[in-house]
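Inspection log for the structure reproduced underneath, given as structure tokens.
The values are calculated or read from the model by the stated rules, or taken from the named source; none is laboratory data. Nothing here was measured: the structure is a model prediction, and the numbers come from that model. Cβ atoms come from the backbone with ideal geometry, glycine included; neighbour counts cover every protein chain shown.
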Amino acid sequence: MTNTSYGTEPRGNERYRLSFTVGGLLASQGHLVAGLFMADGECADAAPDDELGDRIAQVRRRAVDENVLAVRTQAANVRMVREAIKRLSALTMRELRHLADADTPPRDCQALMWVAMCRYYALVGEFANEVLRDRYLLGMSTVDHGDYDRFILAKAMWHTELEDVSRTTALKLRSNVFRAMAEGELVDGVDNTLLPSLLGRTVTGILEHRPESFLFFPMNEH
């Protein structure tokens, strides 16, 4: 994928992508927009491991023009579609097909959109692996804002852009990560209790093609 604004964020980037301030997990929105990609003939015929490439612009335009996400205002519609497509760009065609399928269980959609968020935003993926999953494996029962703040403080030693983020934006980023985890049933939305991930057979089989994806979940070694 030639546009560096899309696709999985490489580990070791000099600067993190830090635009995950809206939308939470976007599971239902991702399902709807993935359906538009699958309605595109080229996407439907693409190889399972392909990514979205040049098809992004036309699907984004259609999603906005038709207000597929049923968002009230034009500005919010554009923002939500853009965010959903960014995350979907980190999924393979195999993953997108399952996400778009009308018969796919909601839990599978949640899992795939969490993977999409973790791949697109390396900071979120590292938090999922290094904090969310590690705390589960160590037998700890919760993950809270303090854990996130300590994680960010440690990362800021190597990523000065984290120090440049305003307090308001930093709080939005943290809030959106915890909202996404709650919507993905990774933590309890009330008390942040860790909820073990019990992935279904189909989505597990799909993610086995990218086994590093399992590192984003509070679960034992796969």
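Going through (1) in contact with a helix residue (DSSP H, G or I) (Cβ under 6 Å, 6 or more places away or on another chain); (2) crowded, with 16+ Cβ neighbours inside 10 Å one by one, Ala156 falls short only on (2). Within region 86-99, being among the aliphatic types (A, V, I, L, M), surrounded by 23 or more Cβ atoms within 10 Å (Cβ to Cβ) and assigned to a helix (DSSP H, G or I) holds for Leu88, Leu96, Leu99.
Go through Tyr120, Tyr136 for me and flag whichever is aromatic (Phe, Trp, Tyr) and touching a helix residue (DSSP H, G or I) at 6+ places or on another chain (Cβ under 6 Å).
Values: Tyr136 fails: touching a helix residue (DSSP H, G or I) at 6+ places or on another chain (Cβ under 6 Å).
Of the residues listed, the single one that is aromatic (Phe, Trp, Tyr) and touching a helix residue (DSSP H, G or I) at 6+ places or on another chain (Cβ under 6 Å) is Tyr120.
Looking across Glu185, Glu212, one residue alone is of a type in the set (Asp, Glu), out of contact with any Phe, Trp or Tyr (no Cβ under 9 Å at 6 or more places or on another chain) and either outside the structural domain of Asn129 (by TED's automatic domain parsing) or surrounded by 14 or more Cβ atoms within 10 Å (Cβ to Cβ) (or both). It is Glu185.
Got a sec? Which of Glu221, Glu185, Glu163 is among the acidic types (Asp, Glu), in a loop (DSSP other than H, G, I, E, B) and more than 16 Å from the chain's Cα centre (by Cα)? I'd like the intermediate steps shown before the answer.
On the way: Glu185 fails: more than 16 Å from the chain's Cα centre (by Cα); Glu163 fails: in a loop (DSSP other than H, G, I, E, B).
From the options Glu221, Glu185, Glu163, the qualifying one is Glu221.
Do we find a residue being in contact with an Asp or Glu (Cβ under 6 Å, 6 or more places away or on another chain), touching a residue at least 40 places away in the same chain (Cβ under 8 Å) and β-branched (Val, Ile, Thr) anywhere in region 195-204? Lay out the reasoning, then the answer.
Applying the first criterion (in contact with an Asp or Glu (Cβ under 6 Å, 6 or more places away or on another chain)) to region 195-204 yields 195, 200, 203.
Remaining after also requiring touching a residue at least 40 places away in the same chain (Cβ under 8 Å): 200, 203.
Then drop every residue that is not β-branched (Val, Ile, Thr), which leaves 203.
Yes, region 195-204 contains at least one residue that is in contact with an Asp or Glu (Cβ under 6 Å, 6 or more places away or on another chain), touching a residue at least 40 places away in the same chain (Cβ under 8 Å) and β-branched (Val, Ile, Thr).
When the residues of region 193-209 are filtered to those that are surrounded by fewer than 19 Cβ atoms within 10 Å (Cβ to Cβ) and touching a strand residue (DSSP E or B) at 6+ places or on another chain (Cβ under 7 Å), the one that is nearest to Arg107 (Cα to Cα) is Leu195. Scanning region 175-189 for residues that are basic (Lys, Arg), more than 20 Å from Arg87 (Cα to Cα) and modelled with pLDDT of 95 or more turns up nothing.
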